[in-house]
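This report concerns only the one structure given below.
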Amino acid sequence: KNKTPNATATSTTPTTAASSGSTATSTTETSAVPTQSPFLAGNAHPQFPAGAAGQVSVVYQAPISPQQNGTVVPIVLDNNSSKAVAHVDISGTAKDASGKIVGSGDSQGTSPSVIKPGQWTLAFIYFQPGVSLSSSDTMSFNVTTSPADTSSYNTAAVQVTQANVSGSSITGGVQNTTGKVVMGSIRVEAYCFDAAGHPVYEQGAFTPGSGDLAPNATDSFQINFYDQQCPSYLVGASGYYK
């Protein structure tokens, strides 16, 4: 995973592509500043600008900090449409100063995994090892979504009930408040923020329970940060409907 960048993003060029079943576009246009989802827990309360009206789009990209074992670039998306969306997938294209494509990466889910209208969500683009990236490269994005419902294998946002710093780890609990069975284990992701309120680092883990999480059932988690400092953080959890 990448270490904490110390610069502002060089470029953020959000684009939204329609796909079968996508709700990335809407006839309802809103422009209010997006709010933080109650599914997240932690001590950070960042604010982000509204994205393109009627779309789900990227509104923040962290600086590219190339790493030999794979590069992670945190991003933030805003659902500025009229409908909740799930199964949000983002692809990212990195180009150098001449416009040459030097890398192609994709997301590994979002936190939370369901984005309600007027809310933002956390995600990251992962570039595999062997890609020659530079901090001066620029990025563009392609976003696809599905309707938010409880159909089998659709993404489910799981409530994070606690998120506490414990030594070099963040520990806490999750609860299934969806009213439907969510398949285990539950993926939990913690994002660290800099003093300006920008996500700069991500680390994830799974809950120890391997079975399904029934309605109202709970589980716990521990995410180790090792040598990474994370004084300001948010944690999200997600799974898939059975």
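The values are calculated or read from the model by the stated rules, or taken from the named source; none is laboratory data. Since the model is a prediction, treat every value here as computed from it, not as a measurement. Glycine also receives a Cβ, built like all others from the backbone with ideal geometry; neighbour counts cover every protein chain displayed. Only protein heavy atoms, including side chains, enter the accessible area calculation; ligands, DNA and RNA are left aside. Shrake-Rupley method; radii C 1.70, N 1.55, O 1.52, S 1.80 Å.
Structural remarks
- The stretch 198-242, Rg to Rh (Cα coordinates; Rh as Kirkwood inverse mean 1/r): 1.02
- For the stretch 47-114, the extents of the C-alpha atoms along the principal axes are 38, 25, 21 Å, listed from largest to smallest.
- With every protein chain in place, the stretch 85-221: carbon and sulfur % of accessible area (1.4 Å): 47
- Normalised size of the chain, defined as Cα radius of gyration per 2.2 N^0.38 Å with N residues, equals 0.96.
- Largest mean-square fluctuation among Ala196, Ala94, Ala86, in a Gaussian network model of the chain whose springs join Cα atoms under 10 Å apart, belongs to Ala196.
- In order through the stretch 176-185: 3J(HN,Hα) via Karplus (6.51 cos²θ - 1.76 cosθ + 1.60), integer Hz, x for Gly, Pro: 7, 9, 7, x, 10, 6, 10, 5, x, 6
- Taking Cβ atoms as reference points and 12 Å as the exclusive limit, the residues near Val188 contribute a net charge of -2, counting Lys and Arg as +1 and Asp and Glu as -1.
- Farthest towards the positive end of the charge dipole of the stretch 154-242, among the residues Thr178, Phe221, Ser168, is the Cα of Thr178, using unit charges on the Cβ of Lys, Arg, Asp and Glu.
- Taking Cα centre as origin and charging only the Cβ of basic (Lys, Arg, +1) and acidic (Asp, Glu, -1) residues, the dipole magnitude of the chain rounds to 140 debye.
- Put simply, the amide H of Gln159, placed in the peptide plane, has neighbours under 5 Å in Gln175, Thr177, leaving out anything fewer than 5 places away on its chain.
- Summed over the residues of the chain and divided among them, the accessible surface reaches 43 Å² per residue at a probe radius of 1.4 Å.
- Entry note: the stretch 41-83 has Rg to Rh equal to 1.09, where both radii use alpha-carbon atoms and Rh is the Kirkwood radius.
- The ellipsoid equivalent to the alpha-carbon distribution of the stretch 115-231 has semi-axes of 27, 21, 14 angstrom, derived from the gyration tensor eigenvalues as √(5λ) and listed largest first.
- The stretch 106-166: Rg to Rh, with Rh as the Kirkwood radius over Cα pairs: 1.05
- Shape summary: the stretch 64-153 maps onto an equivalent ellipsoid whose semi-axes, from the alpha-carbon gyration tensor, are 28, 13, 10 Å in decreasing order.
- Dimensions in Å of the stretch 147-196 - Rg and Dmax from alpha carbons: 13.8, 40
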